[in-house]
Amino acid sequence: MPLTNRRAAVLAVLAGGVHACALAPVVAQWGQGLPALMQSLALSALIWLLVHSETTWQGAWRAWLYGSVWLLGATGWMFVSLHHFGGLPAWLSALAVYLLCVALSLYLAAAGWAWVRWRRRHVVADAMLWAALWLLAELARAWLFTGFPWGASGYGLIDSPLVALAPWLGVYGMGAVWAGLLAGLVLAARRQRRMVLAWLGCLVALALGGGWTVRAHTQPHAAPLEVDLLQSNIPQDEKFSPARQWDALNWHAQTLLGSQADLVVAPETAIPLLPDQLPDGYWASLRQGFLGERHALIGIPLGDFEQGYTNSVVGLSGPAAQGGGAEEFYRYDKHHLVPFGEFIPWGFRWFVNLMNMPLGDFSRGPLNAPSFGVHGQRVAPTICYEDLFGEEIAARFVNAATAPTLMVNVSNLAWFGESVAIHQHLQIARMRSLEFQLPTVRSTNTGATVLIDHLGQVRAAMPANTRGVLRVRVQGYAGVTPFAWWAGRWGLLPLACLGVSLVLLVAWAPIRRARSSPALDHH
């Protein structure tokens, strides 16, 4: 049966949809290896479509269509914040999400165009070329225009044997290796029909193999900490309502002051007001409650009109300031801000003005922020979305003597309702623990409030959309993984250089091809 453009479009849509579904929580519940298997089958279908593309433009639009459906399924939860909380009309919210996803898919379209243009009809060379182009497409989405790499392919492989590569190559390098392996398998299966069974067997083994032994790059450090993680479950439409804020403020104050843990963590903007806007005595009572050996990390906005505002985490402890300069408390200011939510991209103020959200242009914190000291552990906070950028967190690991031993993420995903965003953000946090081989604790408003160990496994979790405190015992780890070493110094540049070098090598190096069938040579 000939592959018409209509049939190719249907297959691209179906494959992109399967790729998106692989990131859904229900799929992970059905089987640990099922997400990786579904994602692998989806990308295999795309590679097959590219193999059968007769022109470069066919390769481009097939890859673009696949990517558009994949990203729409993976990030469609943005509609909730734009429509339900931002007040945009449903049609405009849907259009905004659609336009963002189809624009980001242009990177994958370029990869499809280039692979059809430069492939050499040699299994190994063409697999390397696809791995390099896939890598460059994902890096472009992660890097350009401040980046939006949500749903990157590596996150769907979080429970596959390929996680052994995370401490070496990071999430994008891991995804590139996976893409190259799939390309090689598809091309080999096409060359020799009897290899189809071997290809399917490899895919199943890849997805269901559990986890290969991950080499240890970090070691236990100091004594474990008792940590209380707060999950406040404040509805988003109440969080910034003056008439309804007292319940949240009162609960956080009582829970923070009542904790007897070494460290107690409250979510992003747990206190949604500036310190000087709080009721009389509120901030002073919190500060007074943590003058001894107890420690707290609390999400709160800071700043003023003249100096600018920041989305911050305040660390309260003994009388001496910890990395907070002249201030009386430790202060971490969010570095990687959310477009449209925390800063307004040039030319889009008209769009932000249409929304009914407490938005603004926040100031960025430093890239290499100091850690918060807690009984010998060096605690590194991140705020919500910025833990998506492991290469920026890696800047804190350049000096091994001061590198973090424990990561803390505070988030508020109530903006996105009961969507897949909570599950996807948990995958992201697990990947960061794998890349740095450090435990991560997360305190969130609605979920997922969890303890993740240094190998990326969830060891304790609180049910989503409930209010309470999760008490965990956390062992810190010291050391620097290979990924932390190179990414901390050069960011994603080494991966980008590797991708470009492989493209140049395959596209222009002379390659001696083995004798092949006419079917293999068909463009």
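The values are calculated or read from the model by the stated rules, or taken from the named source; none is laboratory data. Since this is a predicted model, take the numbers as computed values, not measurements. Reconstructed Cβ throughout: ideal geometry from the backbone, glycine too, with neighbour counts over all protein chains shown.
When segment 456-468 is filtered for residues that are touching a residue at least 24 places away in the same chain (Cβ under 8 Å) and surrounded by fewer than 19 Cβ atoms within 10 Å (Cβ to Cβ), the ones remaining, listed by number, are Gln457, Val458, Ala464, Asn465, Thr466, Arg467, Gly468. If you go through segment 51-91, how many residues are at pLDDT below 95, touching a His at 6+ places or on another chain (Cβ under 9 Å) and under 18 Å from Phe148 (Cα atoms)? Total satisfying the criteria: 2.
Of Leu82, Leu92, Leu88, all but one fail to be assigned by TED's automatic domain parsing to the domain that holds Leu50, in contact with a helix residue (DSSP H, G or I) (Cβ under 9 Å, 6 or more places away or on another chain) and either among the acidic types (Asp, Glu) or not in a helix (DSSP H, G or I) (or both); the exception is Leu88. Checking each residue in segment 113-151 for being crowded, with 22+ Cβ neighbours inside 10 Å, more than 17 Å from Ser501 (Cβ to Cβ) and among the small types (Gly, Ala, Ser) picks out Ala142, Gly151. On the stretch given as segment 25-54, residues that are β-branched (Val, Ile, Thr) and under 13 Å from Arg119 (Cβ atoms) total 2.
When restricted to residues that are over 19 Å from Arg294 (Cβ atoms) and surrounded by fewer than 17 Cβ atoms within 10 Å (Cβ to Cβ), segment 250-270 contains 1. With respect to the conditions (1) part of a loop (DSSP other than H, G, I, E, B); (2) at pLDDT 95 or above, Asn368 falls short on a single one, namely (2). Can we say Ala429 is assigned to a helix (DSSP H, G or I) and either modelled with pLDDT under 95 or closer than 20 Å to Gln231 by Cβ (or both)? Yes; evaluated as a whole, the condition is true for this residue.
Of all the listed residues (Arg6, Arg62), the sole one being out of contact with any Ser or Thr (no Cβ under 8 Å at 6 or more places or on another chain) and either among the charged types (D, E, K, R) or without any contact (Cβ under 8 Å) to a residue 24 or more places away in the chain (or both) is Arg6.
If we keep just the residues of segment 436-448 that are closer than 18 Å to Ala380 by Cβ and β-branched (Val, Ile, Thr), which is surrounded by the most Cβ atoms within 10 Å (Cβ to Cβ)? Looking at residues that are closer than 18 Å to Ala380 by Cβ and β-branched (Val, Ile, Thr), I get Thr444.
Considering each residue of segment 163-179 in turn, at least one proves to be modelled with pLDDT of 90 or more, over 18 Å from Thr481 (Cα atoms) and either in the same structural domain as Gly390 (by TED's automatic domain parsing) or surrounded by fewer than 24 Cβ atoms within 10 Å (Cβ to Cβ) (or both). Could you tell me whether any residue of segment 441-451 is more than 25 Å from Met174 (Cβ to Cβ), of a type in the set (Gly, Ala, Ser) and in a loop (DSSP other than H, G, I, E, B)? Yes, segment 441-451 has at least one match. Out of the residues in segment 227-255 that are modelled with pLDDT of 85 or more and of a type in the set (S, T, N, Q), state the one that is farthest from Asp453 (Cα to Cα). Step by step, filter segment 227-255, then rank; the result is Asn250.
With Asn399, Asn465, Asn409 as the choices, which residue is within 14 Å of the chain's Cα centre (by Cα) and either in a helix (DSSP H, G or I) or in the same structural domain as Leu337 (by TED's automatic domain parsing) (or both)? Answer to the selection: Asn409. If the condition is being surrounded by 24 or more Cβ atoms within 10 Å (Cβ to Cβ), touching a Lys or Arg at 6+ places or on another chain (Cβ under 9 Å) and of a type in the set (S, T, N, Q), then segment 360-404 contributes only Thr382.
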